[in-house]
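Q: The structure follows.
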Amino acid sequence: MKKLLATIFIVGLSCFLAIVAYVHFFDKERAETRLAQANLSNTGKVIAKPFFDNGCQYCHSPNADLPFYAKLPVVGTIMEQDILKGTRAFRLDRLVDSIDHPENLSEADLAKLEYVIQNQTMPITSFTHLHWGTKPNDEERKTILDWIHQQRNQYFLPKNTDGVDATRLVQPIPDKLETNPAQVALGNKLYHDGRLSGDGTIQCHTCHQLAKGGVDGLQFSKGIDGQVGGINAPTVYNAAFNFLQFWDGRAKDLADQAGGPPLNPIEMGSKNWEEILARFKSDDEFMKEFLAVYPEFNEKTLTHAIGEFEKTLITPNSPFDKYLKGDENALTEVEKRGYQHFKSAKCDTCHTGIAMGGQSFEYMGLYGDYFKDRGIPMTDADQGRFAQTKDPYDMHRFKVPTLRNVALTAPYMHDGSVKDLKEAVRIMAVYQSGKDLSEQELDEITAFLKSLTGELDGKPLTLEK
């Protein structure tokens, strides 16, 4: 009996080792082929090689050549789920395509990649059972990290700002952005001018109030004729740092964003730009002032002025900014612990960069069905980026909101369903990080988030009472 068991064990082990050997050969061959086919420079191939050599493409690219076992009934189903989770969290194919085109790089992708390389959390253990030797070695890790830091230093760090660090995922807000003062002054007036709306009652400021954290404090904003929108209004503060505007990214910049609400039938309700421009053209004093700054008065110059004003709505010098600039006493010990929990939960991989957000679209519900659990019927607003691209991959993907001044911008989430900041932290930890945080951890992260409230024109932001 013992001999039989020993024989079975030896045969089983031999079969397993044979499979491992075959998988290793397949991995090596596929990696070499993929690298050769990649449209990359020699330098780019040096960066991409560790990803392919370690099999990252299997779970983080939608159309990778998979190992033979991916077709087996049980194992194949498991791998399908791993690919679904992997591509929802991070798309290696898009990163590789951007290696030689750094202007297309995502700051959030760099942050995610740095986290897993620094903490050696990838590949997952179940993958390494068959794919031996697929953990990046020290040389590979150094190659990738050096490249990440070079890209961050060259393309993402704020200019002329103390406390920046290319090895850190978040950065301090600069004191100011370059603007044209005369255009800013015009934009300020337009931001507070009801003539953009069909009946003169709605301003940009109606939904993005500067004394209320850049929002209106409502779950859904009220527009013309008392109509109610379907998505929570994001803050105007620090919107200048967003890579795209709106939850679904339909506007490329601040000026483009400013052109949306005036023609939205629920928000401002104007019929067309000719109608809007005519209202202003009847104001001789306004036209004289405007044409002294811009050569023409049209939709493009009007929205540009609003965007120029919004570039001044940045909020530096929060306690956290001061901490990043070297003031160890700017944060309490509780807030410092909260910052460590924030990083441990990978929050800074999506809430990254200067604005601590606004750099990517992320899938809502990586670790659970948020939409099923929230208890609210689905609406068109829940489509997220899909509404613009019609790509199934983008369903339920939303632009990550900034965490700057987050203590002032309740309610939270794109659906405005969460009134309490601590509860928002709990929900995000569960659905986006897969973590069940303790009450102490939740309290400390919440305390840290309150340290992100900055200043406007040298004065701390507060909520109007």
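Nothing in this text is a laboratory measurement; each read-out follows from the coordinates by a stated rule. Note that the structure is predicted; figures quoted are calculated from it, not measured. Cβ atoms come from the backbone with ideal geometry, glycine included; neighbour counts cover every protein chain shown.
Q: Restricting to DSSP H runs of at least four residues, report the calculated mean residue ellipticity at 222 nm for the chain, -39500 (n - 2.57) per run over all residues, nearest 500 deg cm²/dmol.
A: -13500 deg cm²/dmol
Q: Ok, one more. Give the shape of segment 291-447 as rounded, prolate or oblate, defined through the alpha-carbon gyration tensor: a ≥ b ≥ c are the square roots of its eigenvalues, a/c under 1.5 means rounded, and otherwise the shape is prolate if a/b is larger than b/c and oblate if not.
A: Taking the square roots of the gyration eigenvalues as a ≥ b ≥ c, segment 291-447 is oblate.
Q: Please report, in debye to the nearest 20, how large the charge dipole of the chain is about its Cα centre when each Lys and Arg carries +1 at its beta carbon and each Asp and Glu carries -1 there.
A: With Lys and Arg at +1 and Asp and Glu at -1, about 1280 debye.
Q: Would you mind ranking 247, 147 by Cβ crowding within 10 Å, fewest neighbours first?
A: 147, 247
Q: Pull up the cross-link candidates among the aspartates and glutamates for residue 372, meaning alpha carbon to alpha carbon under 19 Å and not fewer than 8 places away within one chain.
A: Within reach: 362, 380, 382, 394, 415, 423, 436.
Q: Mind listing the Cα extents of the chain along all three principal axes, in Å, largest one first?
A: For the chain, the Cα spread along each principal axis is 100, 49, 48 Å.
Q: Where both partners of a DSSP beta bridge lie in the chain, what percent of those bridges are antiparallel, to the nearest 5?
A: Roughly 80 percent of the beta bridges in the chain run antiparallel, per DSSP.
Q: How high is the relative contact order of segment 319-460, in percent, counting Cα pairs under 8 Å that sit 6 or more residues apart?
A: Over segment 319-460, the number comes to 31 percent.
Q: If you don't mind, there's one more thing I want to ask. Work out, step by step, the length gained on full extension between residue 376 and residue 393: first 0.36 nm times the residue separation, then minus their alpha carbon distance; give nm to one decimal.
A: Computed gain between residue 376 and residue 393 is 3.9 nm.
Q: Residue by residue, what Karplus-based ³J(HN,Hα) values in Hz, rounded to whole numbers, does segment 337-349 have, using 6.51, -1.76 and 1.60 with θ = phi - 60° and x for Gly and Pro?
A: Listing the rounded values in order: 5, x, 5, 5, 4, 4, 6, 5, 7, 6, 4, 7, 7 Hz.
Q: Quick one: if the Förster radius is 56 Å, what FRET efficiency do residue 162 and residue 77 give, using the C-beta to C-beta distance and rounding to 0.05?
A: Step by step, r from the Cβ atoms, then E = 0.60.
Q: Compute the separation of the alpha-carbon centres of segment 341-386 and segment 393-465 and state it in Å as a whole number.
A: Segment 341-386 and segment 393-465 have Cα centres separated by 11 Å.
Q: How far apart, in nanometres, would the label points at residue 292 and residue 343 be if each is projected 7 angstrom from Cα along the Cα-to-Cβ direction?
A: 5.1
Q: Something else about it: Obtain the nm distance between the two label points defined at residue 266 and residue 199 by a simple spin-label model: each point lies 7 Å from its Cα along the Cα-to-C-beta direction.
A: Once both label points are built, they end up 1.7 nm from each other.
Q: If you don't mind, another one. Compare the Cα positions of 427, 413, 460 along the charge dipole of segment 405-465 (+1 at Cβ of Lys, Arg; -1 at Cβ of Asp, Glu; about the Cα centre) and return the one farthest towards the positive end.
A: Among 427, 413, 460, the one farthest towards the positive end of the dipole of segment 405-465 is 460.
Q: In segment 317-396, which trypsin sites (Lys or Arg not before Pro) are in a loop and have at most 16 other Cβ atoms within 10 Å, using DSSP for the loop call?
A: The qualifying sites are 325, 390.
Q: Calculate, for residue 41 and residue 180, the FRET efficiency according to 1/(1 + (r/R0)^6) with r their C-beta to C-beta distance and R0 45 Å; round to the nearest 0.05.
A: According to the calculation, E is roughly 0.70.
Q: Gap in Å between the Cα centre of segment 294-334 and the Cα centre of segment 136-153?
A: 31
Q: Separate question: Within straight cross-link reach of residue 336, meaning Cα distance under 19 Å, which lysines are found once same-chain residues fewer than 8 apart are removed?
A: 322, 325, 346, 422, 450
Q: Over segment 26-155, what relative contact order in percent results from Cα pairs under 8 Å that are six or more residues apart?
A: After rounding, I find 25 percent.
Q: Using the Karplus curve 6.51 cos²θ - 1.76 cosθ + 1.60 with θ = phi - 60°, work out ³J(HN,Hα) for each residue of segment 426-436 in order, rounded to whole Hz, and write x for Gly and Pro.
A: Running phi through 6.51 cos²θ - 1.76 cosθ + 1.60 with θ = phi - 60° gives 4, 4, 5, 4, 5, 8, 10, 10, x, 10, 9 Hz.
Q: Which shape class applies to segment 353-418: rounded if a/c is under 1.5, otherwise prolate when a/b exceeds b/c and oblate if not, where a ≥ b ≥ c are the square roots of the Cα gyration tensor eigenvalues?
A: Oblate.
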